[in-house]
Amino acid sequence: MTKLSKTLKAIELTKIFPHPSKENTNIPIFAGASFEMMSNNINFVIGPSGSGKTTLLRILMSIESINAGEIFLDEIAIHQLKGKEKNQYLKTLGYMDQFPAKFLSMNFSVWQNLDYSLVLHKELPIEERKKIIQEIAEYFEITNLLNRKTILLSGGELRKLALACNLIFEPLVLLCDEPTSHLDNENKEMVMGTVSKLNDLFDTLIVIASHDHSIIGSNPTFKIFERRIIK
């Protein structure tokens, strides 16, 4: 498979929140932050709680506005998206956080969750969807779980299903917010091993926000420091 590199670039990004209790007082999260991420790596964003990791992911998803600056995914001006263009962009994004149960239908079977994710993002006939579901289940080694109710899955199996649901529609970008939080070392390795395989095989640009330095390895790391983002 030929991989076409994607570039995610922020230029002088500024984000300010109003203070929740002090009138006419603002809280700057980013002040002139710039970075460039590539799809041929897993890109890690690190920083302590409250530093702006989740806010950055929401900005990249175009669901959080910015006060100044520009953000581009190749030629897509994320900071300018509105209406139909914004909805189309959102359909190209995968998102996973530390609580996959929030984004899965727990009373659905594994198969039903995969099918639902596919239907949300692509218009395909049922026979083609069946083929894609079978292929993704084999890739994620969850074929034996397809008829199992999602509520009966282990923590590691839930992460696998969440990743499968996010990759089944071949997103342009996969954003992960603390994807290994609350997992033991074995399941952390499983999740990161799966993400590494995805990075090797697909053209998806992967961004992982985390405070867990043990999962980073030699991947590019972007640190949020004093309202800037430093590689």
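The values are calculated or read from the model by the stated rules, or taken from the named source; none is laboratory data. If you're wondering where the values come from, they're calculated on a predicted model, not measured in any experiment. For neighbour counting, all protein chains shown are included, and Cβ atoms are generated from backbone atoms with ideal geometry for every residue, glycine included. Quick note on the areas: whole protein, heavy atoms, side chains included, nothing else; ligands and nucleic acids left out. Shrake-Rupley method; radii C 1.70, N 1.55, O 1.52, S 1.80 Å.
For the chain, what are the DSSP H helices with axial Cα length of 15 Å or more and mean Kyte-Doolittle hydropathy of at least -0.5? Display every interim value, and only then the final one.
On the way: long enough: 110-121 (17 Å, 0.26); 126-139 (20 Å, -0.81); 155-167 (18 Å, 0.39); 185-201 (24 Å, -0.64).
The answer, listed by residue number, is 110-121, 155-167.
Would you mind calculating the gained length between Glu170 and Ala31 on full extension (0.36 nm times residue separation, minus the Cα-Cα distance), in nm to one decimal? Kindly include the intermediate steps, with their values, before the conclusion.
Working: separation 139, 0.36 × 139 = 50.04 nm, distance 3.30 nm.
Full-extension gain reported as 46.7 nm.
Dividing the summed helix terms, -39500 (n - 2.57) for each DSSP H run of n ≥ 4, by the number of residues in the chain produces a 222 nm estimate of -9500 deg cm²/dmol to the nearest 500.
Per 0.36 nm of contour for each residue apart, how much would the distance between His211 and Glu186 grow if the chain were fully extended, relative to their Cα-Cα spacing? The partial results should precede the final answer.
Numbers: separation 25, 0.36 × 25 = 9.00 nm, distance 1.80 nm.
Fully extending the segment from His211 to Glu186 adds 7.2 nm.
In the context of the full set of protein chains, residues of the chain present 52 Å² of accessible surface per residue (probe radius 1.4 Å, heavy atoms only). Couplings 3J(HN,Hα) for region 204-220, derived from phi with the Karplus relation 6.51 cos²θ - 1.76 cosθ + 1.60 (θ = phi - 60°), are 7, 7, 10, 10, 10, 8, 7, 10, 8, 5, 5, 9, 7, x, 9, 6, x Hz, where x marks Gly and Pro. Rolled with a 1.4 Å probe across the full set of protein chains, the surface gives Lys149 an accessible area near 100 Å². Treating each Cα of region 73-231 as one equal point scatterer and applying the Debye formula with no solvent, the log10 of I(q)/I(0) at q = 0.09, 0.18 Å⁻¹ comes out as -0.31, -1.20.
Considering only the other residues whose Cβ falls under 12 Å of the Cβ of Ile11, what net charge follows from Lys and Arg at +1 and Asp and Glu at -1?
Numbers: positive: Lys9; negative: Glu12, Glu36, Glu70.
Combined, the nearby Lys, Arg, Asp and Glu give -2.
Grab the beta carbon distance between Phe225 and Asn40, set R0 = 25 Å, and tell me the FRET efficiency rounded to 0.05.
Details: r = 25 Å, r/R0 = 0.99.
With a Förster radius of 25 Å, E is 0.50.
Take Asp177: with every protein chain present and a 1.4 Å probe, its accessible area is about 20 Å². Sequence-distant contacts, meaning Cα pairs under 8 Å at least 6 residues apart, place the relative contact order of region 3-47 at 44 percent. Keeping the other protein chains in place, figure out the carbon and sulfur percent of the accessible area of region 49-178, with a 1.4 Å probe. Ligands and nucleic acids excluded, carbon and sulfur give 50 percent. Annotation: His182 carries an accessible surface of approximately 140 Å², with a 1.4 Å probe and no ligand, DNA or RNA atoms counted.
With 21 Å as the limit, write out which pairs from Lys6/Lys231; Lys6/Lys91; Lys130/Lys197 have Cα-Cα distances beyond it, or answer none. List each step's numbers first, then the result.
Details: Lys6/Lys231 18 Å; Lys6/Lys91 17 Å; Lys130/Lys197 23 Å.
From Lys6/Lys231; Lys6/Lys91; Lys130/Lys197, over 21 Å: Lys130/Lys197.
The HN-Hα couplings worked out from phi for region 65-82 by the Karplus form 6.51 cos²θ - 1.76 cosθ + 1.60 (θ = phi - 60°) are 6, 10, 8, 6, x, 9, 9, 10, 10, 6, 8, 7, 7, 4, 5, 10, 5, 8 Hz, whole numbers, x standing for Gly and Pro. Between the amide H of Asn67 and those of Thr14, Lys15, Ile16, distances stay under 5 Å, these residues lying 5 or more places away or on another chain, with hydrogens modeled in the peptide plane. At 10 °C and a viscosity of 1.306 mPa s, what translational diffusion coefficient does Stokes-Einstein give for region 1-144, taking Rh as the Kirkwood radius over Cα pairs? Give it in µm²/s as a whole number. Translational D for this selection: 88 µm²/s. Residue by residue, region 149-154 carries 3J(HN,Hα) couplings of 5, 4, 5, 8, 7, 6 Hz when phi is fed to the Karplus relation 6.51 cos²θ - 1.76 cosθ + 1.60 (θ = phi - 60°); x denotes Gly or Pro.
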